[in-house]
Amino acid sequence: MSFLEVEPGAAGESLLLTTDTSQPFDDEQMSSSLEEIKRDGKPKETDESNNENISNVNNYDENSSPVQTDNEENELIQDKKWALMDKHIFVLSLAGKPIYSRFGNEDKLAWLFGVMQTLVSFIQSNEDDLLSISAAGVNFVFAIKKPLILVAVSRKQESVPQLQSQLNYIYNQIASILTTSKLIKIYEQRQNYDLRRLLSGVERLINHLLDFCESEPAFLLKAVQCLSLSSSVRGNISSAIISSCSKIKNIVFAILLANNKLITLVRMKKYSLHPSDLHLIFNLVQATESFKTGESWAPICLPRFDSSGFLYGYVSYLAEDCQACLLLLTVEREVFHTLAEAKQRIVEKLRRNNCLEAINDSLAKPDLSCVSSGFIEVRHYLYKAKSTAQFYQPSVSPPYNKYPQVLSNMYKRLHQRLHCPARPLKLFFERRATEAIFAWDTVGFELYIIFEPLVETSNVVAIITRLLNWMKEREDNLFHLHVPTF
C-alpha cells in the first residue's frame, strides 16, 4: 500500500497529548501542574476544598456500616438474572470494603467482595499481582490501584487490556471527585473507611461512563472526535474565547463541546490535556442534566493533568438556541462571576460572527454515511490520526444502526488483533459470510474498516487509498489542526 505524504488529521503540534492505543495510558502520571500555575500567579495556597471530608474520616467508626448477609446471600445466589449479566464491575478497598457494584447492592454482595479481596491478598503474599483469570468463557480482570481494587467480570468479546482500560477509567472517575492524594490520605487514616460516604451520587457518573465505554469508540481509540466545522469558523470560535478571557488570570483550559464532539479547546501555553481527561469531562457533561438549566461551578480533578488537586470549572451551555456546552477551567476559586461575564462576551462575539448558527447547522445535519460519501463497498470505518489523538467516523448505516453492539464488538476484536501484547499485527484482513473486516496500524494512523462481504480483494487497496484521500481533502473540517492558546 502506498502512504500519503502526510496522513489525514496530522499536525506538527497537537491540541491533545498524543497516545499509543497499545499502552495503558493511565499507568503514566504527568508531573504536578496546578502548583506551578499558582506559583506563576501568586504564592502557594493550600487546597482546602473537600478537606472537611477527610477530617471527618476519623469521626466514623470503622464498623459503622454493618452488613446483613445471612439470608441475603442465598437470595443473590438464586438470582439467575444477576448472575448471568454479561458484565459486572466491582470496586472495593484493599481491606475488602465494598465501594461500587454495577448491578446489585454492595452490602448484599459483601461476601463476594471478601472473596475478591482474599484472592488479591493471596497472590500478593507470594510477591505477585493478580491481573486476570479466564474460565468457561468469562474474563475476570483485576486492577490494583492503591488504595482500591477494581474488578471486571465479563462474558463480552473484550480483551483483558480493553477491560483493564475500562477499570482505569473508573478509577480516574473516582479520583476526579476526590483527587488521588485525598483518596490515599483517607485510607492512611482509616483502612476500613466506607468510601461511599464521599461518593454519594458518583454511581450515576460511573454507570454512565460504563455505558459510554460500550457505545463510544473514543475510549477504544483513546482519541476524540471533533464536530465538523470549517477551519475559519473553528478559528473564529477560538478567537472569541481567547479575546474574551485573555485578561482573566490563570484560566488553564477553555473547552467547547456538543453531542460528545469537541468544537474547540484553548489551553494555557505549556499545558496540554490528555484524551482520557477530556473523556471524563465529556462524561460529566453528558451525565449531568442540571448543567442545561443554568450556570454551574464545580471542582474537577483531571487525573492525567494533575491528580493531586482540583481545577475549578465554570460550566454553562452557550444559549437556549445553541446546545453547545462551554467549560472554563481555572486554578482560582473565587472567579465564578468573572467567568460568567466572560461567557456572555463569548456568546455575543459568536452570535455576531454567525458561529452559533454554524454550530447548530453542523449539529442538525446528519453525519455523512459511507454511501453518501461515494464508498458503496464500505459499511463503516474508524480512522485515528496518531499525531493529534483525534478520530473520525461516518454515520452508522444498516445493518449496524439496529445492532450497534455487533459493530462495537467487531471493532474491539480488530483492535485486539492489532494490539495483542503477545503478537501484535500491523495489517489484518478477514472475509466472513456477513462482512469483510480490515485493520491497519501505521506510524501515523490506525484504520479499521467494515466492508461489504463481496468486496473484491483486488479492489481493497484502491478503496483505502481513495478513502484516505477523501479525508485528507476534508481534514480542515473533520479535525482540529490548530492549537489556540491563551
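The values are calculated or read from the model by the stated rules, or taken from the named source; none is laboratory data. Because the structure is predicted, anything quoted here is derived from the model rather than measured. Glycine also receives a Cβ, built like all others from the backbone with ideal geometry; neighbour counts cover every protein chain displayed.
Of note:
- On the stretch given as the stretch 313-348, residues that are surrounded by 20 or more Cβ atoms within 10 Å (Cβ to Cβ) and among the small types (Gly, Ala, Ser) total 4.
- Among helices (runs of 4 or more DSSP H) entirely within the stretch 367-486, having at least 2 residues that are at pLDDT below 95 singles out 404-419, 457-473.
- Note on the stretch 213-233: residues that are at pLDDT 95 or above, under 25 Å from Gln416 (Cβ atoms) and part of a helix (DSSP H, G or I) total 5.
- Every residue from the stretch 256-278 that is farther than 23 Å from Pro366 by Cα and crowded, with 16+ Cβ neighbours inside 10 Å: Leu265, Val266, Arg267, Met268, Tyr271, Ser272, Leu273, His274, Pro275, Ser276, Asp277, Leu278
- Flag if Val461 is surrounded by fewer than 14 Cβ atoms within 10 Å (Cβ to Cβ) and either farther than 30 Å from Leu256 by Cβ or in contact with a helix residue (DSSP H, G or I) (Cβ under 9 Å, 6 or more places away or on another chain) (or both): yes
- Matching residues in the stretch 414-472 - criterion: being out of contact with any Leu (no Cβ under 7 Å at 6 or more places or on another chain) and of a type in the set (Ser, Thr, Tyr): Thr434, Thr442, Thr457, Ser458, Thr465
- Among residues of the stretch 283-298 that are farther than 25 Å from Tyr171 by Cβ, those with a Cβ under 6 angstrom from a residue that is of a type in the set (A, V, I, L, M, F, W, C), sequence gap 6+ or separate chain, pair up as Glu295/Ala340; Trp297/Phe336.
- Given (1) over 26 Å from the mean Cα position of the chain (by Cα); (2) surrounded by 20 or more Cβ atoms within 10 Å (Cβ to Cβ), index of the condition Ala389 fails: (1)
- Taken over the stretch 141-196, the criterion of being part of a strand (DSSP E or B) and either assigned by TED's automatic domain parsing to the domain that holds Leu284 or free of Cβ contacts under 8 Å to residues at least 60 places away in the same chain (or both) is satisfied by Val141, Phe142, Ala143, Ile144, Lys145, Leu148, Ile149.
Table: residues versus (1) in a helix (DSSP H, G or I); (2) among the hydroxyl-bearing types (Ser, Thr, Tyr); (3) modelled with pLDDT under 80.
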position	(1), (2), (3)
Ser49	no, yes, yes
Ser64	no, yes, yes
Trp82	yes, no, no
Ile99	no, no, no
Lys108	no, no, no
Leu112	yes, no, no
Gln117	yes, no, no
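- Residue match in the stretch 162-172 (condition: among the aliphatic types (A, V, I, L, M) and surrounded by fewer than 19 Cβ atoms within 10 Å (Cβ to Cβ)): no
- Those residues of the stretch 363-407 which are closer than 16 Å to Pro8 by Cβ, in contact with an Asp or Glu (Cβ under 9 Å, 6 or more places away or on another chain) and among the aliphatic types (A, V, I, L, M), in sequence order: Val378, Leu382, Ala385
- Residue pairs whose Cβ atoms lie under 6 Å apart, separated by 6 or more positions or on different chains, with the first residue in the stretch 353-380 and of a type in the set (Gly, Ala, Ser) and the second in a loop (DSSP other than H, G, I, E, B), are Ser362/Leu227; Ser362/Ser228; Ser362/Leu229; Ser369/Pro394; Ser369/Ser395; Ser369/Ser397.
- Selection within the stretch 400-419 - without any contact (Cβ under 8 Å) to a residue 12 or more places away in the chain and not β-branched (Val, Ile, Thr): Asn401, Lys402, Tyr403
- Tallying residues that are assigned to a strand (DSSP E or B) and either at pLDDT 95 or above or in contact with a Leu (Cβ under 6 Å, 6 or more places away or on another chain) (or both) within the stretch 320-348 yields 8.
- Which listed residue is modelled with pLDDT under 95 and surrounded by 18 or more Cβ atoms within 10 Å (Cβ to Cβ), from Asn250, Asn236: Asn250
Rundown of residues vs (1) among the β-branched types (Val, Ile, Thr); (2) more than 16 Å from the chain's Cα centre (by Cα); (3) in the same structural domain as Gln393 (by TED's automatic domain parsing); (4) not in a helix (DSSP H, G or I), yes/no style:
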site	(1), (2), (3), (4)
Leu205	no, no, no, no
Asp211	no, no, no, no
Ser239	no, yes, no, no
Lys247	no, yes, no, yes
Tyr271	no, yes, no, yes
His279	no, no, no, no
Leu284	no, no, no, no
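- Flag if Leu150 is of a type in the set (A, V, I, L, M, F, W, C) and in contact with a Ser or Thr (Cβ under 6 Å, 6 or more places away or on another chain): no
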